[in-house]
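The values are calculated or read from the model by the stated rules, or taken from the named source; none is laboratory data. Predicted model, so just to flag it, every value in this text is computed and none were measured. So basically every Cβ, Gly included, is an ideal-geometry build from the backbone, and we count neighbours across all protein chains shown.
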Amino acid sequence: MSSIAITRPRLLGAAALLAVVAGGAGFGIARLGTAPAADDAVSPTAQKKILYWYDPMIPAERHDGPGLSSMGMKLIPRYADEGGGGSAAPGVTIDAVGLQRLGARIVAAERGSLSDTAAATGSIEFNDRNVAIVQARSAGFVQRVYARAPGDVVPAGAPLADILVPEWAGAQAEYLAVRRSGDAALARAARQRLLLLGMPAGLVASAERSGRTKGVTMISTPVGGVIKTLGVRQGMTVSQGQTLAEVNGLDTVWLNAAVPEAIAGKLRIGTTVTATLPAFPGESFRGRIAAILPQADAASRTLTIRVELSNRGGRLRPGMFASVALDQGSRDALLIPSEAVIRTGRRTLVMLAGPGGRFRPAEVRIGAEGGGKTEIVAGLSEGEKVVASGQFLIDSEASLAGLDARPIGGETRLTTKPAPKSATPIYETVGSIEAIDRSGVTLSHQPVPAIGWPAMTMTFRVADPALVRGYRKGDRVRFGFDQPADGPTLRRMTREAGR
């Protein structure tokens, strides 16, 4: 029984193998008997000449046959007729599956309302046009000081010090004696002398009423505000013209805000400004641009605008931080998503999406940006479709195929040219911005298997400051870079979709 149990599966296996061999032989005979018909059924793709195999994620890598790339991705063939040759429309062809793998999103350029609202930051400052200087009109001695100190907020007429002026006492005695003589002309001259000595008119009137000399005068603040400086102390001697105090009014304050140099041409005196302060959540303060300071900050490339704000109740304190919105109205413009724009440093491109899954780069001239949209000034027509995400990889395909970008100003037929073999390859990866300035950007990025880089944080040179304009620390981006002799250099960058 046990030998039968072992032999029966072997017999069944042998029978199955004979059936397969027979079927294969029959299939081979059928193929030989219908060879012409089979040749007619060969797919067009099978008849194309394969130039090389590559990974769309690393288009610079080329392989002689199928397999896996350095990133472990399956290689796909590059056919001889791809890239816009012959009578086909110029561009590279990517099928629906490839587009899905790239995560490409296609949108149409359309007209819309672009709000010219610029954001800036600033701080509250004293209004230097509302400053009062308190000086000694005559030499004297400080007899008394009041409880004042720099930084105190005082009302108009607040006393600062009592000053004894000996010269005034003698002049007043002479004036009172002349008045008693009854000579009106001499009395007028003596009174005028008191005023020329710097005696306040109120003190002269007080001497006339009482008939007694008074050489002590009280120094008070001419305006209400904050005492910025106070240079008077009890017992000190003061000279004529000496500054005793400086008082800055608080009825109005200045808001000095730094705005990007790029929008300097749109700034106008009188433009409405809305300011919000963390100290007053949910509340806004409106004003108008009173001045545009003439000097730009060379380090931050910003201009300073000065906005005068009403300060009822003195709530706005100098030194407070403010966020500023400059409302310059809205206008009609041709718009595309900002993430669709490719800045190479030398020019600005978008990736056009044509019929049949064909794509080609087009040079554009961009304008203002706002609300995630970028204005197209030239290079696109309304209704033309562009790739809004995944365009860097398609652009790499176009570069690999040697496609020229469509120039601004026409539908000139594009031709392809062989990509120079000596061109520096561009490497793509994804990362997060850790630090950024005009000359470099520090990125914490994923591995770059094409050159054997692990995941790490490093600083890349920036060929053109426009590449990093509008980006901030923490943004997640897809970027491309090359490796010239002077170090890794950023060549293009865009925000990851949904970020």
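Only one of these is small (Gly, Ala, Ser), within 17 Å of residue 322 (Cα to Cα) and more than 21 Å from the chain's Cα centre (by Cα): 239, 284. Name it. 284 is the lone residue from the list that is small (Gly, Ala, Ser), within 17 Å of residue 322 (Cα to Cα) and more than 21 Å from the chain's Cα centre (by Cα). Here residue 446 fulfils each of the conditions (1) at pLDDT 80 or above; (2) farther than 30 Å from residue 299 by Cα; (3) not assigned by TED's automatic domain parsing to the domain that holds residue 487 apart from (3). Exactly one residue out of 277, 250, 255, 293 is in contact with a helix residue (DSSP H, G or I) (Cβ under 7 Å, 6 or more places away or on another chain), under 17 Å from residue 123 (Cβ atoms) and of a type outside the set (S, T, N, Q), and it is 250. Filtered by the rule that a residue be charged (D, E, K, R) and either buried (at least 17 other Cβ atoms within 10 Å of the Cβ) or in a loop (DSSP other than H, G, I, E, B) (or both), the range 238-263 gives 246, 251. Within the range 375-393, is there a residue that is surrounded by fewer than 22 Cβ atoms within 10 Å (Cβ to Cβ), at pLDDT 80 or above, of a type in the set (Asp, Glu) and not in a strand (DSSP E or B)? The answer is yes; a qualifying residue exists. Going by what's in this entry, would residue 468 be described as surrounded by 15 or more Cβ atoms within 10 Å (Cβ to Cβ), without any contact (Cβ under 8 Å) to a residue 24 or more places away in the chain and in contact with a strand residue (DSSP E or B) (Cβ under 6 Å, 6 or more places away or on another chain)? So residue 468 fails the test.
Any idea which residue in the range 271-281 is nearest to residue 316 (Cα to Cα), counting only those that are surrounded by 13 or more Cβ atoms within 10 Å (Cβ to Cβ) and under 23 Å from the mean Cα position of the chain (by Cα)? Selected residue: 277.
The criterion of being in the same structural domain as residue 242 (by TED's automatic domain parsing), at pLDDT below 90, surrounded by fewer than 14 Cβ atoms within 10 Å (Cβ to Cβ) and aliphatic (A, V, I, L, M) does not hold for residue 187. Screening residue 235 against (1) exposed (fewer than 13 other Cβ atoms within 10 Å of the Cβ); (2) modelled with pLDDT of 90 or more leaves a single unmet condition, (2).
Listed by position, the strands (runs of 3 or more DSSP E) contained in the range 65-142 that have at least 2 residues being at pLDDT 75 or above and under 32 Å from the mean Cα position of the chain (by Cα) are 105-108, 110-126. For the range 454-465, filtering for residues that are assigned to a strand (DSSP E or B) and either at positive phi or in contact with a Pro (Cβ under 6 Å, 6 or more places away or on another chain) (or both) leaves 1. The criterion of at least 1 residues that are in contact with a Ser or Thr (Cβ under 7 Å, 6 or more places away or on another chain) is met by the following helices (runs of 4 or more DSSP H) wholly inside the range 148-213: 166-181, 201-210.
Pairing each residue of the range 257-275 that is on the phi > 0 side of the Ramachandran plot with any residue that is surrounded by 16 or more Cβ atoms within 10 Å (Cβ to Cβ) and not in a loop (DSSP other than H, G, I, E, B), provided the two are 6+ apart or on different chains, yields C-beta distances under 9 Å for 270/289; 270/290. Of all residues in the range 378-392, those that are within 9 Å of residue 350 (Cα to Cα) and β-branched (Val, Ile, Thr) have Cβ atoms under 6 Å from Cβ atoms of residues that are at pLDDT below 80 and assigned to a loop (DSSP other than H, G, I, E, B), 6 or more apart or on another chain, in 387/104.
Residue-wise test of (1) of a type in the set (Lys, Arg); (2) more than 24 Å from residue 243 (Cβ to Cβ); (3) exposed (fewer than 14 other Cβ atoms within 10 Å of the Cβ).
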position	(1), (2), (3)
106	no, yes, no
123	no, yes, no
128	no, no, yes
138	no, no, no
141	no, no, no
175	no, yes, no
199	no, no, no
203	no, no, no
